[in-house]
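One structure is given below, encoded as structure tokens.
The values are calculated or read from the model by the stated rules, or taken from the named source; none is laboratory data. These numbers were taken from a predicted model, which means no experiment stands behind them. Please note: Cβ atoms are built from the backbone with ideal geometry, for glycine as well, and neighbour counts cover all protein chains shown.
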Amino acid sequence: MKSYLSYDKNKLLAIGTFIIVLVNLYLIIYVAPMVPEQEWAQRIFYYHVPLAWNSFLGYLGVLICSILYLVKRDPKWDIWALSMAESGTVFAFLILITGPIWAKPIWGSPWTWEPRLTTTLILFLLYIGYFMIREFGGPYERSSRYAAVLGILAFVDVPIIYFAVNFWAPGVQSHPQRGIGGHDPNIKYIFFFSLFSFTLILINMIRYRLHAGRLEQKRLEA
Amino acid sequence: MQLLTLIKKELRQEMRSKESIVSMTVFGVTVILLFAFAFNAAPAEFQRFLPGLIWMTYLFVSILGLLRSFASEKEMDAFAALLSSPIDRGNIFLAKLISFWIFIMGTQLLTMPLFSAFLNLKLGLNLPLLSGVFILTDWSIAAIGVMISGMGLRTRMGEVLVPVLLFPLLSPVLIGATKVTAGILKSEALADFNFWVMIILTFAVIFTLVGYLTFGSISEE
Amino acid sequence: MLIVKNITKSFHHKRILKHVSFEIGQGEHVALLGPNGAGKTTLLKILAGIVRPLAGTAELLGEKLFTENSSHRRHLVFWGHSALFYPALTGYENISLFLALRDEKVSSDAIREHLKTFHLEGSENDPVRTYSAGMLQRLTMIKLALSSWQLGLIDEPTTGLDIEGLEFLKSLSEQWKQERKTLLFSTHDADWVRERADRILLIDQGKVAFDTREVKTIDIQAVMQGNF
């Protein structure tokens, strides 16, 4: 098998994504309007929310591929699930970093038990367990099945965790972004452009990881 | 029928060896005493922490019990006989769930008085409502716990995986159980915490279902 | 009665069974031979439903294996290296539990009768944790003698048997022959194969390397060493 970038399709996708991400960065820094009272801190919102979107997409993918793996028993779906899990976890980790960066100037403290942030933290912990199971769960043929079950458990648990945390700490400020779009239509356009460019990054990552996973499988089975 | 046979098997083994309930109870007593020593404050102040302490204790106790829950299957590989019998994997899961549920309730029955004795828990009139919360929460703990300890059965890292995975998966249930317990102890109106009862109930139903459906993938080698 | 097609299994990505296919007829006693690590135990465990194959299908008396359906396992029984009992339960309880899980209608008198025949009288109410290896093997034989299976999957039945146990197993195997019960058993015991098997399946490097019904005429030692 050849290297990832030796395929024209992958090369094109990578270059296209790189350009779009640069444009996105320019838009966020130079074009996006200032939001009163939040100033520069608000701009992390163009990153923070797409990160959450990517993480969600990744984990949703894990759920779907895990079910397919358990039903069809085809290792192909396990490689898909693993690729999505790793990509999703990278983004979950970034949410946990960017959240406090934003919260510090706005709320005065880096960590509050904000429901979405807390849910992400618990989900992140669950996925640490997911990778531990893959590592320590015995031979691949079995640990991959355990991981699939956990991938399902984790995603099904998320809404319950979210509702629980939401009611658990009702006094905590929740995300204020909902109203922001009303200030200036540009905010909305730039936000959606950012969402698009981050989704492209996710697609690149998953494709790259899939390629690596297939190579690894070939090597191990040889 | 087979489900009943399997549950009877678990209970008979427990009656013989008393492994689960005794070790869980002794450990529970230790944890409660530890809390009593560590928070050596005025008894009135305990009331605020009590619900959290109760559920932390039973989370630890459950972890200990779950680590032993498949031990008898492993010792002479009886699990292989179970898997090669004409029983649905889902029923094996349900039998383990129900028997562990009974064990943890038994442990609570034996250790709850200590909360009254050392940590000033006022059971009294709250007992019927509290029992309801315990029955429901224990079922949730057992459902998710049996799934994870089933994965630990053939894994050399089983002792690590159970505690690492149990807490995050159970977090909504533990939050809910703590809230409801606090509500009952403060004699609040039922309507104030029925949301939490719904959370625990949803969890119990969903994870019993997921466990029933996926236990084949967990139990087969 | 048993049709196995393309069973494949890997372990840590290494293929241990590669597209294993064969058929067994009703009443055949088939010896599964092969070097250690050839995948004999894995194959038996896959057919018993204990190990999940990577790919492949199998059919037992017209019912598909490897599905969520568990009813086909009524027709089979597995006897492995370990004793497969609950250590805290007594010999009697283990037998009656096993039979109850298979939905077999066997009277308690019949169980006690068998315990006596297999020289376990007096120990039937002790937990099997206290049994010796020979007693555990005889208890397993009672399990097999009392249940109504069609396909017996047995992993090295003669290993570690004492003379008494060997005699019991011989008479059982003759009885099963008469009842036209099918056996698939792995073994390293050439004499046992020569006397008791109707057919030899040799598994080597994850494949069926040799399959013959000429058990009486061929050199079994040579087959076991890979010369055929």
So if I check each of B:107, B:155, B:111, which one is crowded, with 17+ Cβ neighbours inside 10 Å and free of Cβ contacts under 8 Å to residues at least 40 places away in the same chain?
B:155
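Would it be correct to say that residue B:208 is crowded, with 16+ Cβ neighbours inside 10 Å, modelled with pLDDT of 90 or more and either in a helix (DSSP H, G or I) or not basic (Lys, Arg) (or both)? Reasoning before the result, please.
Numbers: crowded, with 16+ Cβ neighbours inside 10 Å: yes; modelled with pLDDT of 90 or more: yes; either in a helix (DSSP H, G or I) or not basic (Lys, Arg) (or both): yes.
Yes: the conditions hold for residue B:208.
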Condition broken by residue B:143, with the remaining ones in (1) within 14 Å of chain A (Cβ to nearest Cβ); (2) over 26 Å from residue C:67 (Cβ atoms); (3) assigned to a helix (DSSP H, G or I) satisfied
(2)
Residue that is surrounded by the fewest Cβ atoms within 10 Å (Cβ to Cβ), among those in segment A:1-59 that are among the aromatic types (Phe, Trp, Tyr) and under 20 Å from the mean Cα position of the chain (by Cα):
A:18
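Report, by residue number, each residue of segment B:47-96 that is hydroxyl-bearing (Ser, Thr, Tyr) and outside any helix (DSSP H, G or I).
Of the residues in segment B:47-96, the ones hydroxyl-bearing (Ser, Thr, Tyr) are B:57-58, B:62, B:69, B:72, B:84-85.
If the condition is that a residue be hydroxyl-bearing (Ser, Thr, Tyr) and outside any helix (DSSP H, G or I), then B:69, B:84, B:85 are the ones that fit.
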Selection over segment B:159-169 where residues are touching a Gly at 6+ places or on another chain (Cβ under 9 Å) and facing chain A (nearest Cβ under 9 Å) yields a count of 6
Checking residue C:48 against (1) within 24 Å of residue B:82 (Cβ to Cβ); (2) touching a helix residue (DSSP H, G or I) at 6+ places or on another chain (Cβ under 7 Å), which single condition isn't satisfied?
(2)
Top-ranked residue of segment A:123-152 - restricted to ones that are within 22 Å of residue B:170 (Cα to Cα) and charged (D, E, K, R), ranked as surrounded by the most Cβ atoms within 10 Å (Cβ to Cβ)
A:145
Restricting to segment A:103-156, count the residues that are within 8 Å of chain B (Cβ to nearest Cβ) and of a type in the set (Val, Ile, Thr).
6
Number of the condition not met by residue B:21 [criteria: (1) within 14 Å of chain C (Cβ to nearest Cβ); (2) closer than 30 Å to residue C:48 by Cα; (3) at pLDDT 90 or above]
(2)
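Give segment C:100-114 a look and list any residue that's basic (Lys, Arg) and facing chain B (nearest Cβ under 7 Å), or say none.
Result: C:102, single match.
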Restricting attention to segment B:179-192, report how many residues are touching a helix residue (DSSP H, G or I) at 6+ places or on another chain (Cβ under 7 Å) and either surrounded by fewer than 21 Cβ atoms within 10 Å (Cβ to Cβ) or more than 10 Å from chain A (Cβ to nearest Cβ) (or both).
7
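Which residue is farthest from residue B:169 (Cα to Cα), if the candidates are limited to segment A:157-172 and must be in a helix (DSSP H, G or I) and either more than 9 Å from chain B (Cβ to nearest Cβ) or not hydrophobic (A, V, I, L, M, F, W, C) (or both)?
Step one: filter segment A:157-172 for residues in a helix (DSSP H, G or I), giving A:157-168.
Now narrow it down to the ones that are either more than 9 Å from chain B (Cβ to nearest Cβ) or not hydrophobic (A, V, I, L, M, F, W, C) (or both): A:157-159, A:162, A:166.
Working: A:157: 7, A:158: 9, A:159: 12, A:162: 12, A:166: 16 Å.
Among those that are in a helix (DSSP H, G or I) and either more than 9 Å from chain B (Cβ to nearest Cβ) or not hydrophobic (A, V, I, L, M, F, W, C) (or both), it is A:166.
Report the residue count in segment C:79-99 for those that are over 25 Å from residue C:150 (Cβ atoms), touching a residue at least 24 places away in the same chain (Cβ under 8 Å) and part of a helix (DSSP H, G or I). Explain how you work it out, then say what you get.
Taking segment C:79-99 first, the residues over 25 Å from residue C:150 (Cβ atoms) are C:86-93.
Those left that are additionally touching a residue at least 24 places away in the same chain (Cβ under 8 Å): C:86-92.
The next check asks that each one be part of a helix (DSSP H, G or I); those that pass are C:91-92.
Residues meeting the conditions: 2.
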Go over the candidates B:181, B:107, B:155 one by one and state the one that is within 30 Å of residue A:133 (Cα to Cα), among the hydroxyl-bearing types (Ser, Thr, Tyr) and over 12 Å from the mean Cα position of the chain (by Cα).
B:155
Looking only at helices (runs of 4 or more DSSP H) that lie completely in segment C:125-228, which have at least 1 residues being modelled with pLDDT of 90 or more?
C:133-146, C:163-178
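Looking at C:76, C:97, C:84, which one is farther than 14 Å from residue B:79 by Cβ, within 12 Å of chain B (Cβ to nearest Cβ) and surrounded by 20 or more Cβ atoms within 10 Å (Cβ to Cβ)? If you could, list the steps in order and put the result at the bottom.
Working: C:97 fails: farther than 14 Å from residue B:79 by Cβ; C:84 fails: farther than 14 Å from residue B:79 by Cβ.
C:76 is the lone residue from the list that is farther than 14 Å from residue B:79 by Cβ, within 12 Å of chain B (Cβ to nearest Cβ) and surrounded by 20 or more Cβ atoms within 10 Å (Cβ to Cβ).
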Considering only segment A:86-102, I want to know if a residue exists there that is of a type in the set (Gly, Ala, Ser) and either surrounded by fewer than 21 Cβ atoms within 10 Å (Cβ to Cβ) or within 24 Å of residue B:145 (Cβ to Cβ) (or both).
no
Is it the case, given these coordinates, that residue C:150 is under 13 Å from the mean Cα position of the chain (by Cα) and surrounded by fewer than 20 Cβ atoms within 10 Å (Cβ to Cβ)?
yes
In segment C:100-137, anything in contact (Cβ under 8 Å) with a residue 12 or more places away in the chain, among the charged types (D, E, K, R) and over 24 Å from residue B:17 (Cβ atoms) is listed as C:102, C:103, C:104, C:112
For the structure I just gave you, tell me whether residue B:127 is surrounded by fewer than 21 Cβ atoms within 10 Å (Cβ to Cβ), assigned to a helix (DSSP H, G or I) and within 11 Å of chain A (Cβ to nearest Cβ).
no
Identify all residues within segment A:176-215 that are at pLDDT below 90, within 30 Å of residue A:12 (Cα to Cα) and surrounded by fewer than 19 Cβ atoms within 10 Å (Cβ to Cβ); write none if there are none.
A:186, A:188, A:189
